[in-house]
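Visitor: Before we start, here is the structure in question, set down as structure tokens.
The values are calculated or read from the model by the stated rules, or taken from the named source; none is laboratory data. Fair warning: this is a prediction, and the values are worked out from it, not measured in the lab. Glycine also receives a Cβ, built like all others from the backbone with ideal geometry; neighbour counts cover every protein chain displayed. Note: areas computed on protein heavy atoms with side chains; ligands, DNA, RNA excluded. Shrake-Rupley method; radii C 1.70, N 1.55, O 1.52, S 1.80 Å.
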Amino acid sequence: GLVGPFTASISAVNADLGPFLSGLKLRFPLSARADGSATLEGELPALSGLSGEIELLGLRGQAGEIPWQSRGAVRLRLSSGAIRIDPLALVGPGLSVMLRGVVKPGEHTEVVLAGHAPFPIIEPGAPPVAAVRGDPEIRLILAGRPGALAVNGIAELQAVDVRLKALPLWLSVGRGEVTFSNDRVRFRVADGATAGGRLEGQGEGQRQDG
């Protein structure tokens, strides 16, 4: 077989990134496609130490029912088979987030997503909530191996209205938060109001669906 130094230049249009996302196991469907090019180098026959640069001219997809796309061209660095993202801006209807971190396909993911997201993206992490009016700020951390990814997040509630599934009322939240992980959800309202009265409270729940 072939041995020794290896170099390659690759370009792609509308490439499906689904295989890179399959290990995330998020609570909503996630798809991604990209246009771009890459310059790679490594040693044959083993390509585990593959390095180079990836330039994405267009990155787009769906997060649940929300379409998203990258803002402008994106340059990623590939080193020893790991892709470094630092940072990547994603936008869509009600969506404006920054993504950064490291992904080693098939082995390990450690990324942080922070910004503003619409309720359909937050909903799977906050099952007691039926609807939200406003612009919650989120921070989501995903770390681990494919199939065993630890997900931890927080949604900051500042001047938003929330309707819980257990109550037929809208709650006006001045300050509050929802924190969630793979198997637990916690909420806290420090400054709220409903039906003309003040409201404070907190609680937590255990997931039953894994």
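Visitor: Which residues, taken from region 86-136, are among the polar types (S, T, N, Q) and over 14 Å from Trp68 (Cα atoms)?
Guide: If the condition is that a residue be among the polar types (S, T, N, Q) and over 14 Å from Trp68 (Cα atoms), then Thr109 is the only one that fits.
Visitor: Here is a further query. Just to be sure before I move on: is Leu44 touching a residue at least 12 places away in the same chain (Cβ under 8 Å) and in contact with a helix residue (DSSP H, G or I) (Cβ under 8 Å, 6 or more places away or on another chain) in the structure I sent?
Guide: Criteria not met by Leu44.
Visitor: Being within 18 Å of Asp16 (Cβ to Cβ) and among the β-branched types (Val, Ile, Thr) is the filter; apply it to region 69-97 and report the residue that is surrounded by the fewest Cβ atoms within 10 Å (Cβ to Cβ).
Guide: Only one residue tops the list, namely Ile83.
Visitor: Taking region 165-201 as the region of interest, how many residues are at pLDDT 75 or above and assigned to a strand (DSSP E or B)?
Guide: Number of matching residues: 21.
Visitor: Let me confirm something: among Ala155, Ala150, Ala143, which residue is at pLDDT 80 or above, exposed (fewer than 15 other Cβ atoms within 10 Å of the Cβ) and assigned to a strand (DSSP E or B)?
Guide: Ala150
Visitor: Any residue at all in region 56-69 that's hydrophobic (A, V, I, L, M, F, W, C) and touching an Asp or Glu at 6+ places or on another chain (Cβ under 6 Å)?
Guide: Scanning region 56-69 turns up at least one residue that is hydrophobic (A, V, I, L, M, F, W, C) and touching an Asp or Glu at 6+ places or on another chain (Cβ under 6 Å).
Visitor: Oh, and also: Which one of these is in contact with a Gly (Cβ under 8 Å, 6 or more places away or on another chain) and at pLDDT below 90: Pro67, Pro120, Pro87?
Guide: Pro120
Visitor: Consider Ile66 carefully, then state whether it is within 25 Å of Val13 (Cβ to Cβ), open to solvent by less than 40 Å² (accessible area, probe 1.4 Å) and of a type in the set (A, V, I, L, M).
Guide: Criteria met by Ile66.
Visitor: Can you name every residue in region 92-148 that is farther than 21 Å from Lys165 by Cα, of a type in the set (A, V, I, L, M) and either touching a residue at least 60 places away in the same chain (Cβ under 8 Å) or touching a Leu at 6+ places or on another chain (Cβ under 6 Å) (or both)?
Guide: Those that are farther than 21 Å from Lys165 by Cα, of a type in the set (A, V, I, L, M) and either touching a residue at least 60 places away in the same chain (Cβ under 8 Å) or touching a Leu at 6+ places or on another chain (Cβ under 6 Å) (or both): Val97, Leu99, Val103, Val111, Leu113, Leu140, Leu142.
Visitor: Further question: Of everything in region 137-176, what is over 23 Å from Arg100 (Cα atoms) and not aliphatic (A, V, I, L, M)? Give them in sequence order.
Guide: Gln158, Asp161, Arg163, Lys165, Pro168, Trp170, Ser172, Gly174, Arg175, Gly176
Visitor: Inside region 98-108, can you point out the residues that are open to solvent by less than 50 Å² (accessible area, probe 1.4 Å) and touching a helix residue (DSSP H, G or I) at 6+ places or on another chain (Cβ under 8 Å)?
Guide: Val103
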